[in-house]
Amino acid sequence: MNANFQRWLQQSIEELKAQNLYKQPPVLESPQGGRVKIGGRWLINLASNNYLGLANDPRVVQAAIDAAQKWGAGAGAVRWLGGTNELYEQLEQKLAEFKKTEAVLVFQSGHNANSGTIPACFGEGDVIISDELNHASIIDGVRLSNAKYKKSEGYVYQHKDMNHLEDILKRCGDFRKRLIVTDGVFSMDGDIAPLPEIVALAEKYDAVVMVDDAHASGVLGEHGSGTTSHFGLYGRVDIQLGTLSKALGVIGGYIAGSRLLKEWLINRARPYLFSTALPPAAIGALLKTVEILMTDPEPMRRLWDNARYWKENLQRLGFDTMGSETPITPVFCGDEAIAQRMEVRLREEGVFTLGIVYPTVPRGKARVRTMPNATHTREDLDEALGAFEKVGKELGIIGRWV
Ligand SMILES: *Cc1c(COP(=O)(O)O)cnc(C)c1O
């Protein structure tokens with residue numbers, strides 16, 4: 001082993017620890033649910049993206065078992081090389097109905113859908129204009145393209161600032177293609193992109209719109225089909241990304257759009273071309289979760305009931321939940337050390353949340369991110385509120401911003 005490299009690793013890790021930026025994943029001893037077992041204790045789980053409780057829904061688990069028994073454990077190859085399992089075809093058709101788009105292409109993850117689609121569609125001679133708070137996987141996709149995109153060159157607009165976006169668009173007339181890309185629901189703040197304004201600007205300046213609905217899938221719009229539906233913008237958003245890994249409870253991501261877009265991606269998106277397909281169990285489970293979403297409004301109703309209750313009560317206690325409009329509820333701490341201390345103290349008080357620090361959010365904007373979901377009972381939420389009140393007072397967070 002290279003000694004210099006090992007020393008560099010050691011030093012870099014120590015720097016992270018000194019700056020309170022060090023992370024270690026907690027080990028779960030139970031399935032996902034309203035409570036999870038960590039270190040032998042059952043904690044109220046406010047850390048998961050399992051919005052609708054589908055990750056451990058018995059109907060979904062059974063569908064996974066059935067698909068594995070019928071089709072085996074693995075896909076065997078990338079789709080175009082080894083052949084596409086017919087379950088994939090069924091899932092893509094069902095998702096296209098769900099999204100009301102011509103076509104859908106499923107990827108192995110939301111990250112892959114971003115990092116595959118953006119560089120496949122935008123390159124030399126094009127420009128990509130981004131919201132400054134876009135998710136890391138959008139940024140990774142953007143960086144893989146040969147388009148102009150850099151913040152230092154003026155192609156990143158201030159968060160949801162439509163005047164700034166328009167200023168940039170005015171300068172971009174000479175590019176071959178223009179892409180505006182945004183999160184639908186911002187993953188660390190829980191606010192919603194002003195999609196109607198973005199679409200109007202795109203139409204005015206001949207730009208393509210891509211929206212990443214990772215956190216809007218299963219949460220906003222008809223049956224949880226996302227921000228395009230939420231705002232009634234059917235047919236006006238060129239590229240919609242959805243995840244199958246958050247509210248949909250399993251794994252994967254997809255792109256919804258025109259038939260031509262799908263055809264192009266099948267030929268040019270590198271994760272599709274060079275990475276093995278999802279296992280049949282995942283696809284079988286997903287067919288069930290999409291069916292549940294399209295026929296049963298109950299999980300979404302419970303999610304929003306809990307989200308409203310949670311947010312109202314945190315605010316009543318004097319916490320700053322930032323600009324959140326969705327179940328994603330950040331509790332602002334500011335300082336990295338306070339966010340990390342809050343996470344530890346909450347865990348001791350029986351609540352599982354994660355402190356979110358740089359580089360996931362900007363320095364000085366550390367927070368504890370909480371995610372109430374459809375599986376929580378009122379007792380769960382009340383108990384968690386009690387813990388927040390106690391720890392918030394202890395750390396001097398309550399009331400600092402009101
Ligand atoms: C989580 C997330 C992704 C990545 O989705 P995975 O399926 O987990 O890879 C992409 N975009 C946004 C906005 C996300 O929050």
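The values are calculated or read from the model by the stated rules, or taken from the named source; none is laboratory data. The structure displayed is predicted, hence computed values, not measured ones. When we count neighbours, we look across all protein chains shown, and the Cβ atoms used for this are built from the backbone with ideal geometry, even at glycine.
Here are a few things to note about the model shown:
- When restricted to residues that are within 11 Å of the ligand (Cβ to nearest atom), part of a strand (DSSP E or B) and out of contact with any His (no Cβ under 8 Å at 6 or more places or on another chain), the range 249-261 contains 1.
- Odd one out for L105, checked against (1) within 25 Å of G141 (Cβ to Cβ); (2) assigned to a helix (DSSP H, G or I); (3) modelled with pLDDT of 95 or more; (4) not hydroxyl-bearing (S, T, Y): (2)
- Candidates A269, A277: the one that is within 16 Å of the ligand (Cβ to nearest atom) and in contact with a Leu (Cβ under 9 Å, 6 or more places away or on another chain) is A269.
- Among the residues of the range 263-272, some residue qualifies, meaning at least one is touching a residue at least 60 places away in the same chain (Cβ under 8 Å) and not in a helix (DSSP H, G or I).
- Any hit, the range 45-54, residues being loosely packed, with under 14 Cβ neighbours inside 10 Å and either over 24 Å from F107 (Cα atoms) or out of contact with any helix residue (DSSP H, G or I) (no Cβ under 7 Å at 6 or more places or on another chain) (or both): no
- Total residues in the range 221-245, condition under 18 Å from C121 (Cα atoms) and over 14 Å from the mean Cα position of the chain (by Cα): 4
The rows are residues; the columns are (1) surrounded by 15 or more Cβ atoms within 10 Å (Cβ to Cβ); (2) in contact with a His (Cβ under 9 Å, 6 or more places away or on another chain); (3) within 30 Å of R178 (Cα to Cα); (4) charged (D, E, K, R).
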position	(1), (2), (3), (4)
Q24	no, no, no, no
I65	no, no, no, no
E86	no, no, no, yes
C121	yes, no, yes, no
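- Among the residues making up the range 173-218, those that are farther than 23 Å from A374 by Cα and among the β-branched types (V, I, T) are I180, V181, T182, I198, V199, V208, V209, V211.
- All told, A77 falls short of being closer than 17 Å to P280 by Cα, of a type outside the set (S, T, N, Q) and touching a Pro at 6+ places or on another chain (Cβ under 9 Å).
- The listed residues are A113, A147, and the only one of them that is more than 16 Å from the ligand (Cβ to nearest atom) and either of a type outside the set (S, T, N, Q) or crowded, with 20+ Cβ neighbours inside 10 Å (or both) turns out to be A147.
- Some residue of the range 127-144 being crowded, with 21+ Cβ neighbours inside 10 Å, more than 16 Å from the ligand (Cβ to nearest atom), under 23 Å from the mean Cα position of the chain (by Cα) and among the hydrophobic types (A, V, I, L, M, F, W, C): yes
- The helices (runs of 4 or more DSSP H) falling completely within the range 1-93 that include 3 or more residues that are under 16 Å from K288 (Cβ atoms) map to 58-71.
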